[in-house]
């Protein structure tokens, strides 16, 4: 699936309620889902990890719809290797 | 760009350092980037919003690589409308 297709799916499925909820509460939901990823990482359950990472991706697309951001274009920054050093693999000085 | 292509790009660009950093510190970076989205939402700067949402997407793909999750498959849950009610647009009772 294209990144733009996911964002379009989220628009078709959730835009009306995303707009009703607004940017602030949508951001809060995104953070809540990030918390669920934190919890899923404690468990060796591949299905649960997939579920929670997918939810973060979905809420990120919802937030992008409200914030006027094209996620496809946002991802393009990574298409030619590391945006900082321009290399693939990245050759920046390592920062943990 | 396909979601799987972005994840593959992140693997080619960052997997070695992602593995060296580990899941915990990669999750911390993801949260730091979510914080940068929070800040970008305070400003009417479309480029900055795109940049920060793109960084969250990228770190999410890095984390997925470490957690053994296929983001493409994770996103597929949303392909046929809301995973809860099965409708597009979503017809679940509204929750802010």
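The values are calculated or read from the model by the stated rules, or taken from the named source; none is laboratory data. This structure is a prediction, so every number in the text was calculated from the model and none was measured. Counting neighbours? That spans all protein chains shown, and the Cβs are built from the backbone with ideal geometry, glycine included.
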Original post:
For residue A:9, are the conditions met, namely being at pLDDT 95 or above and within 20 Å of residue B:11 (Cβ to Cβ)?
Top reply: no
**OP:** Please specify each residue of segment B:38-53 satisfying the condition of being within 7 Å of another protein chain (Cβ to nearest Cβ) and within 18 Å of residue A:31 (Cβ to Cβ).
**Re:** B:38, B:41, B:49, B:53
**OP:** Filter the helices (runs of 4 or more DSSP H) completely within chain A down to those with at least 3 residues that are over 21 Å from residue B:1 (Cβ atoms).
**Re:** A:3-40, A:46-67
Subject >> The listed residue being within 7 Å of chain B (Cβ to nearest Cβ) and without any contact (Cβ under 8 Å) to a residue 24 or more places away in the chain, out of A:56, A:34, A:23 >> reply: A:34
Subject >> Failed condition for residue A:6, given (1) closer than 24 Å to residue B:94 by Cβ; (2) buried (at least 21 other Cβ atoms within 10 Å of the Cβ); (3) without any contact (Cβ under 8 Å) to a residue 60 or more places away in the chain >> reply: (3)
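Residue by residue, here is whether (1) surrounded by fewer than 17 Cβ atoms within 10 Å (Cβ to Cβ); (2) more than 8 Å from chain A (Cβ to nearest Cβ); (3) without any contact (Cβ under 8 Å) to a residue 24 or more places away in the chain holds:
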position: B:14; (1), (2), (3): no, no, no
position: B:18; (1), (2), (3): no, yes, no
position: B:60; (1), (2), (3): no, no, no
position: B:68; (1), (2), (3): yes, no, yes
position: B:73; (1), (2), (3): yes, no, yes
position: B:77; (1), (2), (3): yes, no, yes
position: B:81; (1), (2), (3): no, no, yes
position: B:84; (1), (2), (3): yes, yes, yes
